[in-house]
């Protein structure tokens, strides 16, 4: 149904003054135009399709050779993944762990050093410097925090270390969190 609506929207200029025949295995499409009480989205689609001179012809599955042929095509990617490669066992020692590289150095340390004391990393290529300065212009330093002015003009403060871990735990495991913690999810 959506494919038909999309096709008529996309090729509107070509189909508007011409008679069109839609061959489909979606038999409900024929009865759509006769339906009186429908939801708003369906009514929008009906109004859009009523602009065109459409004849809907229902083809049963046995007569629909194109769909039948496509369903029997061989899948070239069928044997790429070996089921033995997927490890179904999930080690419980990894639950309640947050991955991070070096907890003492936040990811935004280079930008913070640049804004706090005009320190720039040595050994960057010209492209890396260009990207660094392009990214750094969105940030500002207000001792001891780094802030960013986002596209929606909202100022966000960047956090790292234990403060970031505390925020993640509060958002995920707290009473108003997204889920009930790793131990409950693992059950």
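The values are calculated or read from the model by the stated rules, or taken from the named source; none is laboratory data. Keep in mind that what you see is a predicted model, and the values were worked out from it rather than measured. Every residue, glycine as well, gets a Cβ built from its backbone with ideal geometry; the counts of neighbours run over all protein chains shown.
How many residues does segment 6-39 hold that are over 19 Å from residue 59 (Cβ atoms) and either at pLDDT 80 or above or surrounded by 10 or more Cβ atoms within 10 Å (Cβ to Cβ) (or both)? If you could, list the steps in order and put the result at the bottom.
At the first step, the residues of segment 6-39 found to be over 19 Å from residue 59 (Cβ atoms) are 6, 9-18, 34-39.
If we keep only those that are either at pLDDT 80 or above or surrounded by 10 or more Cβ atoms within 10 Å (Cβ to Cβ) (or both) as well, we get 6, 9-18, 35, 38.
Count: 13.
Selection of first residues in segment 141-154 that are under 16 Å from residue 114 (Cβ atoms) and assigned by TED's automatic domain parsing to the domain that holds residue 114 and of second residues that are outside any loop (DSSP other than H, G, I, E, B) and at pLDDT below 85, restricted to Cβ pairs under 6 Å at least 6 apart or on distinct chains, gives the following pairs, ordered by first then second residue: 141/115; 141/116; 146/112; 146/158.
If a residue has to be in a loop (DSSP other than H, G, I, E, B) and in contact (Cβ under 8 Å) with a residue 24 or more places away in the chain to count, how many in segment 1-16 make the cut? Reasoning before the result, please.
Looking only at segment 1-16, we keep the residues that are in a loop (DSSP other than H, G, I, E, B), and these are 1, 11, 16.
From what's left, in contact (Cβ under 8 Å) with a residue 24 or more places away in the chain: 1, 16.
So the count comes out to 2.
On inspection, residue 74 fails the criterion of being at pLDDT 75 or above, out of contact with any helix residue (DSSP H, G or I) (no Cβ under 7 Å at 6 or more places or on another chain), within 30 Å of residue 26 (Cβ to Cβ) and assigned to a loop (DSSP other than H, G, I, E, B).
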